[in-house]
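Student: Before I ask anything, let me first share the structure, which is written out below as structure tokens.
Bear in mind that the values in this text are calculations on the coordinates, not laboratory data. From a predicted model like this one, the values you see are computed outputs, not experimental measurements. Cβ sites come from the backbone with ideal geometry, for glycine too, and all protein chains shown count toward neighbours.
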Amino acid sequence: MNKKLLFSAFFLFAITFGFSQTKEELQAQKAEKQAEADKFQAEADALQAQIDALPGWRVGAFGTIGGNLSKFNDWYGQGTPDLSSGNLGITFNAYANKIEDKYFWRNSLFTNLSWVKFDDKNDPTDDDSFQEGTDVFNISSLYGRNISKTWAISGLADYRTTLLNNFNDPGFLDLGIGATWTPVENLVVVIHPLNYNFVFADNDAAFESSAGAKIVADYTRQIGAINFKTNFSTFQSYDSSELSNWTWTNSFGYTLWKMIGVGFDFGLRSNQQEAANVQGVDLADADNNLQSYYTLGLSYKF
């Protein structure tokens, strides 16, 4: 009997030891394969960097889709027991850049649109449709002739307005010339002291075109599964500080599975002319509060 127990214990120990060895061997094989994969990925990244450095077109796009829908029936715990509500938002970033040895042509498009719904079923007078929320549209084209490795003489056309409501009312078009500085691959800084800011609007009392300086700083980059873009644009009027404005937008996207991930966008703006138009006061009397928005939701990498 003791021999049988001893044999059984030895047999179980041998099986356990065998499984232990198998697990360790598998982990070692995994580590070896991972090291090889990392090596090949580094080589692929280096080749991609060489491809990106070649002259020619570089195009790309990514965006964010965020939203929620809800409906309550006889939910007496809240003040509006019969309610349908929703929020939908879309952000889209795209660029098409032609980079050559002697010149460059950089084009970008950015838009952020959202719709909001709040329908009280017990109030027949309220609006049960989706209302326009965030409404941002910006398109720009920058052309430059290189005079050194990091400096170029350039011309910029930059236009922004709204799409869903009051298209081109207001609309801002900047046309100017100056210099562009590209100290690193993904950073573009535009400095145009000769610029004219055309303003299109029905309310002539709040909006006025003027000459001034245009400064833009844009950084766009992809690192692995992360896409991000930050853009700061300002116009400083030579006529009056009340005609000056600035906008700072940021977009982040992280790919979780294939082309789908999570995205976050936020923006800040200061524009006294827009404030005067909305508040219905003279330009000098406008309360120029800081404008802001953000969108959080699913992202799709194009």
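Student: Filter the cross-link list Lys98/Lys229; Lys117/Lys229; Lys102/Lys229 down to pairs whose alpha-carbon distance in this structure exceeds 22 Å.
Tutor: Lys117/Lys229; Lys102/Lys229
Student: Under 20 Å from a point placed 7 Å out from the Cα of Val278 along the Cα-to-Cβ direction: which residues of region 109-129 have their backbone N that close?
Tutor: 111-118
Student: If the cut-off is 17 Å between C-alpha atoms, which aspartates and glutamates fall inside it for Lys149, apart from same-chain ones fewer than 8 positions away?
Tutor: Candidates past the 8-residue exclusion: Asp52, Glu100, Asp101, Glu185.
Student: Is it possible to state the helix-based mean residue ellipticity at 222 nm for the chain, with each DSSP H run of 4+ residues giving -39500 (n - 2.57), the sum divided by total residues, to the nearest 500 deg cm²/dmol? What is it?
Tutor: Per the formula, -7000 deg cm²/dmol.
Student: Within the chain, which is the longest segment containing none of the trypsin sites (Lys or Arg not before Pro) that sit in a DSSP loop and have at most 11 other Cβ atoms within 10 Å?
Tutor: For trypsin sites (Lys or Arg not before Pro) (loop position, at most 11 other Cβ atoms within 10 Å), the longest site-free span of the chain is 150-257.
Student: Please report, for the Cα atoms of region 198-302, the Rg to one decimal and the Dmax as a whole number; what are they, in angstrom?
Tutor: Both quantities, over Cα of region 198-302: 17.6, 52 Å.
Student: How high is the relative contact order of the chain, in percent, with contacts defined as C-alpha pairs under 8 Å that are six or more residues apart?
Tutor: Computed over the chain, the figure is 12 percent.
Student: If you don't mind, another one. Run the Debye formula on the Cα coordinates of region 117-229, all scatterers equal and no solvent, and tell me log10 I(q)/I(0) at q = 0.10, 0.17, 0.22 1/Å.
Tutor: -0.48, -0.93, -1.17
Student: Hey, another quick one. Once Rh is set to the Kirkwood radius over Cα pairs, what Stokes-Einstein translational diffusion coefficient, in µm²/s, holds for region 77-127 at a temperature of 37 °C and a viscosity of 0.692 mPa s? Could the numbers behind the result be given before it?
Tutor: On the way: Rh = 15.1 Å.
So the translational diffusion coefficient is about 218 µm²/s.
Student: With the contact rule set at Cα under 8 Å and sequence spacing of 6 or more, what percent relative contact order holds for region 156-264?
Tutor: 17 percent
Student: Moving on to the next point. In the Gaussian network model of the chain, springs joining C-alpha atoms below 10 Å, which of Asp285, Asp74, Asp101 carries the largest mean-square fluctuation?
Tutor: Answer for the Gaussian network model of the chain: Asp74.
Student: Considering the dipole of region 155-238 built from charges on the beta carbon (Lys and Arg +1, Asp and Glu -1) around the Cα centre, which of Pro170, Ile215, Thr180 is farthest to its positive end?
Tutor: Highest projection toward the positive end goes to Thr180.
Student: Next up: Once each part is reduced to its C-alpha centroid, what is the distance from region 99-138 to region 191-232 in angstrom?
Tutor: 18 Å
Student: How large is Rg/Rh for the chain, to two decimals, with Cα atoms and a Kirkwood Rh?
Tutor: Working: Rg = 28.4 Å, Rh = 23.7 Å.
For the chain, the value is 1.20.
Student: When you take every Cα atom in region 50-189, what is the radius of gyration, and what is Dmax, the widest Cα pair distance, in Å?
Tutor: Expressed in Å, the Cα Rg and Dmax of region 50-189 come to 22.4, 70.
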